[in-house]
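Below you'll find the structure, written out as C-alpha cells, and then a few comments.
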Amino acid sequence: MAETGDSSSSLTGEERELKKELERVVRMILEEEDDDDNRIDTISESIRILSRLREMKLNQPAVIGMDDYKGKAVLPPKQGGDSPMSSPSLVTGNPFVSVSNQALKWMKSNEAKLKSQEMMDASRVSANMHLERLCGSFSDKVRAARELSKLTKSQPAYRAIFAELPDSITRLLGPLLSEDYYDPELEQDLCYRVSKLKMKQDLMEIVLDISTDDNNKQHMAEHPSVIPLLDRTLYTGTMETTRTAAMTLVSLLSLESNKFIIGKSTIPAALLRFVDIEDAAAAILSLCTVHENIAKFNKLGAIKVMSQKIDEGILVDQLLAILAVLSSRQDVFFEYEDVDAFRRLVEHRRNISSQRAENTSSASAATRCFTRR
C-alpha cells in the first residue's frame, strides 16, 4: 500500500512537470514561423509530452513512433495479451501528422490562456523583484519605484498580482511611511531632494494604479496603513500627490463596503479641506451615498464650507449636487432656516443649463439662504 501511494504521488508530480514543459513547447510553436526549420522538432517534442501524459491518464504504456517498414504507429502489447493496442487516430497513415494536427488545434484553442498565464507569471516575478528592491538602498528605491510605476500604469497584469503577493502593500508603502533612508547631509543636494520627491510621486501613482483593480480594493481599504497614508498625503503632500490621493479614494470608494470604512476614518475632514479639488469633491459625493457619512459631513460643517466655495464660483455644479444630498437629512432643518428655498434653488439648477455667471449668482443666493439665522 505504501508503495502504491508513493507511486501515485510521483506520477502527480511528473504530470505537473510535463504540463509545464508542454506549455513552454507550445509557446515556442506559437512564436515560430511556419517555415522555421526547427518547427518539426518542436512539434515532435510536444507529441512526446502528449504521449506521456496520455500514458499516465490511461495508466498504460503507449509509445508513439514510426515503424520503419509499415509507416504505422508502433504501440506496445496490451497488458494481459499478445495483440497490440490500437489507437483509432493512429492506426493508419503517418502518426506524426495526425497527432501534430491535434496538438496544434489544442495549442491554438488555448493560446490566449497560455499567454495570459505566462504574463501573470512574469508579472508576479518582476513585481516581487521590484518590491524587494524597495527595501534596499535609496538609489534602489528610486529605480524600483520608477520601473514599477511604469509597469502598473501600462499593464493591468501588474496591478492584479498585488492581491496575491505576500505583504505587497506593506512593502510598497515602506518608503512612504518610514524615511529610514533620510540623510541630513544629502538634503543639501538638489538632485537628492528631486529624486526623493519623484520617488514618492511614483509610489503614490502605483497606489492609485493598483486601487483600480477590483481584487485590491477591499484589501487596500482594510490595510492599516493605506487610509492613514492617504489622509496624511492630502494634508502634507504636493499638489500632484494630493490629487493622486484624492483619485485613489474615488477609486476605492467604488466598492460599497469601503464607503463605511473610509467614512469612519479622518478622511472626510481632509476631503473638506481640499473640496476645491474636483476628485476630492467626487469622493465626498460618493461617501454621501451612505446615510451615516451625510451626518458626519454635516457635523463637520460641510454645508458652510461648500457654500463659501460656491460663492467663489468654484466647482459650482459639483458642490451644489453635494449640498442637495446633505440637505436631504431631516436634522438639517434644525440647523438652517429656509432649507426649502435652497432645495428649490438646487432643483432649478438641475433643470436648466446656465452660464458661469448664472451659476455664481445662484450659488451666492444659496449661501445667503443658508447663513441667514
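When residues in the stretch 180-222 are screened for being touching a Lys or Arg at 6+ places or on another chain (Cβ under 7 Å), farther than 15 Å from PHE162 by Cβ and surrounded by 12 or more Cβ atoms within 10 Å (Cβ to Cβ), 3 of them pass. Checking ARG143, ARG171, ARG133, ARG159 one by one, the residue that is open to solvent by 70 Å² or more (accessible area, probe 1.4 Å) and among the charged types (D, E, K, R) is ARG143 and no other. Conditions first: (1) free of Cβ contacts under 8 Å to residues at least 24 places away in the same chain; (2) assigned to a helix (DSSP H, G or I). PRO184 passes all but one, so which condition is the exception? PRO184 satisfies all of (1) free of Cβ contacts under 8 Å to residues at least 24 places away in the same chain; (2) assigned to a helix (DSSP H, G or I) except (2).
LYS20 meets each of the listed conditions (1) at pLDDT below 75; (2) open to solvent by 70 Å² or more (accessible area, probe 1.4 Å) apart from (1).
For the stretch 313-342, residues that are assigned to a loop (DSSP other than H, G, I, E, B), surrounded by 14 or more Cβ atoms within 10 Å (Cβ to Cβ) and at pLDDT 55 or above total 5.
Regarding SER168, is this residue out of contact with any strand residue (DSSP E or B) (no Cβ under 8 Å at 6 or more places or on another chain), hydroxyl-bearing (Ser, Thr, Tyr) and farther than 15 Å from ASP213 by Cα?
Details: out of contact with any strand residue (DSSP E or B) (no Cβ under 8 Å at 6 or more places or on another chain): yes; hydroxyl-bearing (Ser, Thr, Tyr): yes; farther than 15 Å from ASP213 by Cα: no.
So SER168 fails the test.
Within the stretch 298-307, track down each residue that is open to solvent by 10 Å² or more (accessible area, probe 1.4 Å) and either touching a Ser or Thr at 6+ places or on another chain (Cβ under 7 Å) or of a type in the set (A, V, I, L, M, F, W, C) (or both).
Restricting attention to the stretch 298-307, the residues satisfying the condition of being open to solvent by 10 Å² or more (accessible area, probe 1.4 Å) are 298-301, 304-305.
LEU300, VAL305, listed by residue number.
Scanning the stretch 246-289 for residues that are open to solvent by less than 10 Å² (accessible area, probe 1.4 Å), touching a Ser or Thr at 6+ places or on another chain (Cβ under 7 Å) and not in a helix (DSSP H, G or I) yields a single hit, LEU253.
Number of residues in the stretch 223-245 that are surrounded by 15 or more Cβ atoms within 10 Å (Cβ to Cβ) and more than 24 Å from PRO166 (Cα to Cα): the value is 9. Being hydroxyl-bearing (Ser, Thr, Tyr) and closer than 26 Å to LEU323 by Cβ is true of SER254.
The values are calculated or read from the model by the stated rules, or taken from the named source; none is laboratory data. Keep in mind the model is a prediction, meaning the values are calculated, not measured. As a convention, Cβ positions derive from the backbone with ideal geometry for all residues, glycine included, and neighbour counts pool all protein chains shown. All accessible areas refer to the heavy atoms of the entire protein, side chains included, with ligands and DNA or RNA removed. Shrake-Rupley method; radii C 1.70, N 1.55, O 1.52, S 1.80 Å.
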